[in-house]
Amino acid sequence: MAGPLLVAALATAYGPRAAILATVVLGLVGTTVVLTAPPSRTWRPQHTAGSAAAGLHSTPLSLVFLAHAGFGIALGAMNVWAVAMAELHEVELLSGLIPAAFATGSFLGGLLYARRAWPGSPIVQLLSGAAGFCAGWLPLLALPGPHMATVVVTVPGVFLTVVIACGFTTADALVPTQRRTEAYAWLIASVGVGQAAGTALAGALATHRLTAAALPAAGAALALTVLAAARHRITARGGH
C-alpha cells in the first residue's frame, strides 16, 4: 500500500533514480530480514521416499496456473494504465495513488475473507472471487476521471486476496503434500509471467484509452473463463 505512493512521491520530488534506489535498498533490507529470521535459518528440507512427480503438472493444476496468469495480466495492465492516467490528467501522484488504492482494497478484502469460514469448496470460492475480480474492472470501460478511478480500483482489489488465497488452497487439493511448496512457486510464477505480459500489452496500447482501460478486465475474464472450463476437472481430481 505504501510502496506505490512512495515511488510516486520520490519520483516527483527527486526523480526516477531516487525511486529506483529506494526500491533496491528496501528490497535488500527485506531480503536480509527474511534470510536472517529464525525460521529461515533453522529450516531444513524434508526428504520423503518415493516419487511424487505425478500430479504437479496435471491438466487441472496447469489450468489453475493459467488462470493466475490471467490475474497477473490484470495487475500488470493496471499499473501501466495508472501511469497513463497520471500523464493524461497531469497528476503525477496518480501513478502511485491508483495502485495504492487497489492494494488498500486487497488488504481490506483479506481481512474480510479471513474473519469467517465461507461456504463452498476452494474451487467454488475461487470461481466466485474471479467473478467479482472481473466485474470490478468493468467500470473502467466508462473512462472515469482521476477521483472516480481511484475509488473504482478498490473493488477488484478486494477480490485479489480471495483469488490468490483460494488458488493456494485449490493447489493444496491437487498435489501431494511433499510437492506443495513447488506448486506454490509455480502459482506465484504464473502471476508474475501474466503481470509481465500485461505490462507489455498495456505499454503497447497505452495511447488507446478505451483498450488500455479494458485490458485489466480482459485478463480477469481470461482467468474466469479458464476456471469455469476447468471446474469439473479440478473437482474430479480432488479439488471439490
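Here are some notes:
- Top-ranked residue of the stretch 183-204 - restricted to ones that are under 10 Å from the mean Cα position of the chain (by Cα) and open to solvent by less than 60 Å² (accessible area, probe 1.4 Å), ranked as nearest to SER62 (Cα to Cα): SER190
- Hits in the stretch 90-134 - residues which are among the β-branched types (Val, Ile, Thr) and within 27 Å of LEU66 (Cβ to Cβ): ILE98, ILE123, VAL124
- HIS57 being at pLDDT below 90, closer than 30 Å to ALA229 by Cβ and out of contact with any helix residue (DSSP H, G or I) (no Cβ under 7 Å at 6 or more places or on another chain): yes
- Residues (in a loop (DSSP other than H, G, I, E, B) and surrounded by fewer than 24 Cβ atoms within 10 Å (Cβ to Cβ)) located in the stretch 153-174: none
- If you go through the stretch 125-148 and keep only what is closer than 17 Å to LEU224 by Cα, free of Cβ contacts under 8 Å to residues at least 40 places away in the same chain and aliphatic (A, V, I, L, M), you end up with just ALA135.
- In this entry, ILE20 is excluded by the filter for residues that are buried (at least 19 other Cβ atoms within 10 Å of the Cβ) and of a type outside the set (Gly, Ala, Ser).
The values are calculated or read from the model by the stated rules, or taken from the named source; none is laboratory data. These numbers come from a predicted model, not from an experiment. Every residue, glycine as well, gets a Cβ built from its backbone with ideal geometry; the counts of neighbours run over all protein chains shown. SASA here: full protein model, heavy atoms, side chains in, ligands and nucleic acids out. Shrake-Rupley method; radii C 1.70, N 1.55, O 1.52, S 1.80 Å.
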